[in-house]
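See structure below.
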Amino acid sequence: MWKTKLKEEEIIPTILLPQNLTIELDQIDIGSPISKNEIDLILSNLRRKKFAHYIMVKFLFLTGATLSELTNLRIANVTTNKSRCLIVPNEKLKQRVIHFDEGFAKELDRYIFNYPKNEFLFPGRNGKCSLRSLQKILKEVGNWISKEINGNQIRDFIAHHLYQRGFPIWEIQEFLGHRSALSTKERIQTVLPTVEFDPLRLFTSPENKAA
């Protein structure tokens, strides 16, 4: 089966996240802004309707990529046999390598293998999928669960999910690509009551003192 490989020189400057820091969609906390049942409904409907859209939305939930990062993602950035992808830096966010579970890696591999070859992982009329097209997909799935779904809300969901699983702020920061741990704290506090937020978990890595 056709595979893609990351160039070693692309990985060196990136802080590799622990392999176990992945989004577990079957372990969603009860207080999550998007429930497990809602995610199951969204993904099952998308899978039946259009596999490409299913992969796109599931990719957002598993990687925390922003909409612009997703539309700019190239096939060369994905290594399915190692269940990881390289998200390149932009003006706001840092470069990072994100791991996902083997089950999704197989689905992604199937998508890449069967889809017409293109430089971009999610192609569109002008080479890559447009932000507007992706926003329309998210608006539609939001209607299925009577909630507004957008890129920021998905990243809030991920921040909440990882925090509730006990990961320190600096690891969540690296996962989301924030240049400052304060941005990560703000995301978590957007969906988490202040009384449940533990400030002692904010700075647990020396690197964050200069963030």
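The values are calculated or read from the model by the stated rules, or taken from the named source; none is laboratory data. In this text, all values refer to a predicted model and were calculated from it rather than measured experimentally. Note that we place each Cβ from the backbone using ideal geometry, even for glycine, and neighbour counts take in every protein chain shown. These area figures cover heavy atoms from the full protein model, side chains too; ligands, DNA and RNA do not enter into them. Shrake-Rupley method; radii C 1.70, N 1.55, O 1.52, S 1.80 Å.
Quick notes
- Yes/no for K82 being surrounded by 14 or more Cβ atoms within 10 Å (Cβ to Cβ) and touching a helix residue (DSSP H, G or I) at 6+ places or on another chain (Cβ under 9 Å): yes
- Qualifying residue in segment 168-179 (condition: out of contact with any His (no Cβ under 6 Å at 6 or more places or on another chain), surrounded by 21 or more Cβ atoms within 10 Å (Cβ to Cβ) and not in a helix (DSSP H, G or I)): yes
- Residues within segment 24-44 that are surrounded by fewer than 16 Cβ atoms within 10 Å (Cβ to Cβ) and either modelled with pLDDT of 95 or more or not in a loop (DSSP other than H, G, I, E, B) (or both), tallied: 5
- Pairing residues of segment 149-160 that are farther than 17 Å from Q27 by Cβ with residues that are open to solvent by 20 Å² or more (accessible area, probe 1.4 Å) and at pLDDT below 90, at Cβ distances under 7 Å and at least 6 apart in sequence or on separate chains, gives Q153/P33; R155/R187; D156/P33; D156/R187; D156/T190; D156/V191.
- Residues in segment 112-154 that are among the aromatic types (F, W, Y) and in a loop (DSSP other than H, G, I, E, B) were compared, and the one that is surrounded by the most Cβ atoms within 10 Å (Cβ to Cβ) is F122.
- The residues on offer are K50, K92, K106, and the sole one that is exposed (fewer than 15 other Cβ atoms within 10 Å of the Cβ), without any contact (Cβ under 8 Å) to a residue 24 or more places away in the chain and of a type in the set (K, R) is K50.
- Residue count for segment 70-86, restricted to those that are in contact (Cβ under 8 Å) with a residue 40 or more places away in the chain and closer than 25 Å to N150 by Cβ: 8
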